[in-house]
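Single-structure report; data block below.
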Amino acid sequence: MSDEAPKPVRIGLLGRGNVGAAFAELLSDRAGAVEAATGRRPELAGVLTRSEGDFSDILARSDLIVELMGGTDPARQYVLDAMRAGRPVVTANKQLLAQHGDELFAVAREAGVQLRFEAAVAAVIPIIRTIQESFGVTRIEKVVGIVNGTTNFILSEMGASGAAYGEVLKEAQRLGYAEADPSDDVTGADAAAKMAILARLAFHTPVDLTEVPYEGIESIQPDDLAYAKELGLSLKLLGVAERRDGGISVRVFPCFLYGGHPLAPIEGPFNAVMVEAPAINEVTMSGPGAGGLQTASAVLGDVVSILAGDTPVHETRTQLPIVADVPSSFYLHLEVADQPGVLAQVATVLGDHEISVKSVVQRGIGADARLVMVVHECLESRFAAAVRALSELEYLRAPARYIHVVEEEF
Ligand SMILES: NC(=O)c1ccc[n+]([C@@H]2O[C@H](COP(=O)([O-])OP(=O)(O)OC[C@H]3O[C@@H](n4cnc5c(N)ncnc54)[C@H](OP(=O)(O)O)[C@@H]3O)[C@@H](O)[C@H]2O)c1
């Protein structure tokens, strides 16, 4: 047996921004703990930014690459080159994984190296590890997540203060919860990329990001939130990935939840993910979904897993089709003339489409009235047809507004 101390692990760091700088500091602070846990002391072999370092040089001097640059170009090429050169890779880059997952996993398999990406979804919440490892052979039926902290902060504030979307967005930007260009977050695109990653892992199937429809929160009106409160509902931007009719459905949309739902209490810039399977019932994890130090902590956890030799399962076992038309319950907001018989006409249209009403709130507004209701679950195509029929009623004063509702009781 050799008495020689094990060699340090040389880490090549691509990107030293919010997360990269926090990672470099955490790595130095926790080097002793990493050594105690894995037997090898980590050290930085080199850092690449736009103004320092050379990728080939850093790769040659590293045992493991940590990619914290963001974007897909040149990050994709660097990650592929690193894996082909036999280096395991840790990344926090959700767009890279969501857009190029097939290619990246194939190369990781061919090269026999690990590709870890815990921080790419819900930052510090260990949801990737849980789905890949703890639930790696569990038949997961559904994953529901609040996977974007910016939109959760905005919706929580709108609900609490009654302020309009634009006003709350400015406040979120002032507090650093929203970027100067918030479009990726508020349109639901960021959440769609994260749900594509979770769905791939949960259902062991390739998920094409272009097949993940998403809606954002820009058109949410403060009065929708106020009426919904009366109906016992709170609003979240939800990502839902579920098995349906032999295929899967993966989508992102604003959605009302009843108070008993495990995700209903998640307020502010937090994330939470709920996994459902017969063998586990329902498991929900919540925590900070962003932040330099928090994200860096998840990245360091991945480094430790690689050094410890744990191999995650990222097999795609089958190609499941995307099912586009799925059932949902809806909140429906109608402005109508305040005249006898109008409610009956609305009820008739809904009845004709086999849609039944769960609860209604009615308010007078001058000569008009607002009818706000929750309808029971029906196929989305059927609900869309009912909304089209309602828009033809002569008593309707403004286009119908509607938002998904999760009706499930917990
Ligand atoms: N921030 C969070 O809370 C959070 C949470 C979860 C996941 N993530 C993910 O973590 C990753 C990093 O995010 P971040 O917030 O740390 O980003 P950031 O602050 O913008 O930092 C990016 C870093 O990468 C470097 N970089 C970018 N393009 C480069 C290029 N073409 N060549 C060389 N260097 C380049 C930048 O160099 P310069 O310094 O020279 O500009 C900078 O150091 C992203 O994938 C992000 O999605 C972030």
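Converting the Cα gyration tensor eigenvalues of the range 133-177 into ellipsoid dimensions via √(5λ) gives semi-axes, longest first, of 33, 12, 6 Å.
Here, the range 1-103 yields an orientationally averaged convex hull projection of 7.5 nm² when only Cα atoms define the hull.
Pairs of alpha carbons in the range 280-402 separated by more than 25 Å make up 52% of all such pairs.
Mean sequence separation of contacting Cα pairs (under 8 Å, at least six apart), scaled by the length of the chain, corresponds to a relative contact order of 16 percent. GLU167 contributes about 120 Å² of solvent-accessible surface, heavy atoms of the protein only, 1.4 Å probe. Once the chain from ASP310 to VAL137 is taken as fully extended at 0.36 nm per residue, the excess over their C-alpha distance is 60.7 nm.
Paramagnetic label reach from GLU380 (point 7 Å along Cα→Cβ; backbone nitrogen cut-off under 15 Å): within the range 245-272, residues 245, 247-256.
Helical content of the chain, expressed as a calculated mean residue ellipticity at 222 nm, amounts to -10500 deg cm²/dmol (DSSP H runs of 4 or more residues, -39,500 (n - 2.57) each, divided by residue number, nearest 500).
Take the residue pairs LYS94/LYS170; LYS170/LYS194; LYS142/LYS358; LYS229/LYS358 and return only those whose Cα atoms are more than 21 Å apart. Pairs exceeding the cut-off: LYS94/LYS170; LYS170/LYS194; LYS142/LYS358. Over the range 93-146, how many percent of alpha carbon pairs lie in each 10 Å bin up to the one with the longest distance? The calculated distribution, bin by bin, is 21, 48, 31, 1. A quarter of the convex hull surface defined by the alpha-carbon atoms of the range 135-210 gives 6.3 nm² as the mean projection.
Mean silhouette area of the range 47-88, derived from the convex hull of its C-alpha atoms and averaged over all directions, reads 2.7 nm². If I model the chain as equal point scatterers sitting on the Cα atoms and use the Debye formula, what is log10 I(q)/I(0) at q = 0.08 Å⁻¹? At q = 0.08 Å⁻¹ the computed log10 ratios are -0.49.
Annotation: ARG200 carries an accessible surface of approximately 20 Å², with a 1.4 Å probe and no ligand, DNA or RNA atoms counted.
Would any residue of the range 5-23 have its amide N under 13 Å from a label point 7 Å out along Cα→Cβ of ASP29? List them or say none. The answer is 21-23, whose backbone nitrogens lie closer than 13 Å to the label point. Think of the range 1-140 as a dipole: +1 on every Lys or Arg Cβ, -1 on every Asp or Glu Cβ, centred on the Cα centre; then among THR130, MET83, GLY46, THR130 lies furthest on the positive end.
Backbone N atoms of the range 387-404 closer than 18 Å to the 7 Å Cα→Cβ label point of THR348 belong to residues 387-397. For HIS261, the solvent-accessible surface with a 1.4 Å probe is about 10 Å², rounded to the nearest 10. For every other residue with a beta carbon closer than 10 angstrom to the beta carbon of LEU257, add +1 if it is Lys or Arg and -1 if Asp or Glu, then tell me the sum. Residues close to LEU257 contribute a combined charge of -1. Only alpha carbons enter this Debye calculation for the range 176-297, each as an equal point scatterer, and the log10 of I(q)/I(0) it gives at q = 0.10, 0.14, 0.15, 0.16 Å⁻¹ is -0.35, -0.70, -0.81, -0.92. For the range 4-48, the pair-distance distribution built from all alpha carbon pairs, in bins 10 Å wide starting at 0, is 29, 51, 18, 2 percent. Within the chain, antiparallel bridges make up roughly 75 percent of the DSSP beta bridges whose residues both belong there. The largest accessible area among GLU110, GLU408 belongs to the first residue in GLU110, GLU408, and the rest follow in falling order (1.4 Å probe, all chains).
Placing +1 on the Cβ of every Lys and Arg and -1 on the Cβ of every Asp and Glu, with no other charges, gives the range 161-220 a dipole of roughly 200 debye about its Cα centre. For the range 1-96, the antiparallel share of DSSP beta bridges with both residues in that region comes to about 0%.
Compared with the alpha-carbon gap, the fully stretched path from GLN221 to LYS7 is longer by 71.2 nm at 0.36 nm per residue. Between ARG50 and LEU175, the simple label model (points 7 Å from Cα in the Cβ direction) yields a spacing of 2.9 nm. The simple Förster model, with R0 at 30 Å and r as the Cβ-Cβ distance, assigns ARG61 and ALA277 a FRET efficiency of 0.10. In a simple Cβ point-charge model (Lys, Arg +1; Asp, Glu -1; nothing else charged), the range 1-137 has a dipole of about 140 debye relative to its Cα centre.
Dipole size of the chain about its Cα centre, with +1 on Lys/Arg Cβ and -1 on Asp/Glu Cβ: approximately 600 debye, rounded to the nearest 20.
Full extension of the segment from SER356 to THR210, taken as 0.36 nm per residue of separation minus the current Cα-Cα distance, would add 49.2 nm. Above 15 Å, the calculated P(r) of the range 224-283 contains 60 percent of its Cα-Cα pairs.
For GLN339 and GLN319, a Förster radius of 60 Å and the Cβ-Cβ distance give a FRET efficiency of 0.65, rounded to the nearest 0.05.
The values are calculated or read from the model by the stated rules, or taken from the named source; none is laboratory data. Small disclaimer: the values here were computed from a predicted structure and weren't measured. Positions of Cβ are backbone-derived with ideal geometry, glycine not excepted, and every protein chain shown enters the neighbour counts. The accessibility values were calculated without ligands, DNA or RNA, using every heavy atom of the protein model including side chains. Shrake-Rupley method; radii C 1.70, N 1.55, O 1.52, S 1.80 Å.
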